[in-house]
1. With modelled with pLDDT under 90, in contact with a helix residue (DSSP H, G or I) (Cβ under 7 Å, 6 or more places away or on another chain) and either not basic (Lys, Arg) or not in a helix (DSSP H, G or I) (or both) as the only criterion, which of Val99, Val76 stands out?
2. Which of the residues spanning region 23-48 are touching a residue at least 40 places away in the same chain (Cβ under 8 Å) and over 13 Å from the mean Cα position of the chain (by Cα)?
3. Could you list, in sequence order, the residues of region 59-80 that are under 15 Å from Pro39 (Cβ atoms), buried (at least 24 other Cβ atoms within 10 Å of the Cβ) and not small (Gly, Ala, Ser)?
4. Of everything in region 63-75, what is touching a strand residue (DSSP E or B) at 6+ places or on another chain (Cβ under 8 Å) and either of a type outside the set (D, E, K, R) or closer than 10 Å to Leu5 by Cβ (or both)? Give them in sequence order.
5. Got a sec? Which of Gly60, Gly44 is out of contact with any strand residue (DSSP E or B) (no Cβ under 6 Å at 6 or more places or on another chain) and not hydrophobic (A, V, I, L, M, F, W, C)?
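The values are calculated or read from the model by the stated rules, or taken from the named source; none is laboratory data. Everything numeric in this text was worked out from a predicted model, so none of it was measured. Note: ideal-geometry Cβ built from the backbone for every residue, glycine included; neighbour counts use all protein chains shown.
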Amino acid sequence: MARILLAEDEESMRTFLVRSLERVGHDVCSVADGFEALPHIATGEFDVLVTDIVMPGMDGLELARRASVEMPQLRVIFITGFAAVALNNQATKRTDAKVLSKPFHLRTLVDEIDRVLASS
């Protein structure tokens, strides 16, 4: 299974996603924002970055940009409750990045993680 870095500022969503992803066998490291994620990115130990787009401090788009410099092979999945932000931002147009709008079904996220891992 995958080593996942999850950046999500909403604590209840973060807790739910960690528990759910661990139940299906993934190893998950969770953080509350982009700045907290940076030291973890520097380790190079992750297969997938799952990040909320809208977070205080450093948003998910900037986090993904910085992560792609450190780890070009890192797969990115954006999650957001703000579909208009996702649809209008060129940073989410990466060919290997997927945007999931909240609320999404957990199976959708798990399937997307499987898909990005299979494409690497």
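1. After ruling out the rest, the residue left standing is Val99.
2. Initially, region 23-48 is screened for residues touching a residue at least 40 places away in the same chain (Cβ under 8 Å), giving 24, 26, 45-48.
The answer is Val24, His26, Glu45.
3. Within region 59-80, just Leu63 meets the criteria.
4. Residues of region 63-75 touching a strand residue (DSSP E or B) at 6+ places or on another chain (Cβ under 8 Å): 63-64, 67-68, 74-75.
Correct list: Leu63, Ala64, Ala67, Ser68, Leu74.
5. Working: Gly60 fails: out of contact with any strand residue (DSSP E or B) (no Cβ under 6 Å at 6 or more places or on another chain).
Of Gly60, Gly44, the one residue that is out of contact with any strand residue (DSSP E or B) (no Cβ under 6 Å at 6 or more places or on another chain) and not hydrophobic (A, V, I, L, M, F, W, C) is Gly44.
Yes/no matrix, rows are residues, columns are (1) small (Gly, Ala, Ser); (2) buried (at least 18 other Cβ atoms within 10 Å of the Cβ); (3) touching a Gly at 6+ places or on another chain (Cβ under 9 Å); (4) at pLDDT 95 or above:
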position: Leu17; (1), (2), (3), (4): no, yes, no, yes
position: Val28; (1), (2), (3), (4): no, yes, no, yes
position: Glu45; (1), (2), (3), (4): no, no, no, no
position: Val54; (1), (2), (3), (4): no, no, yes, no
position: Gly57; (1), (2), (3), (4): yes, no, yes, no
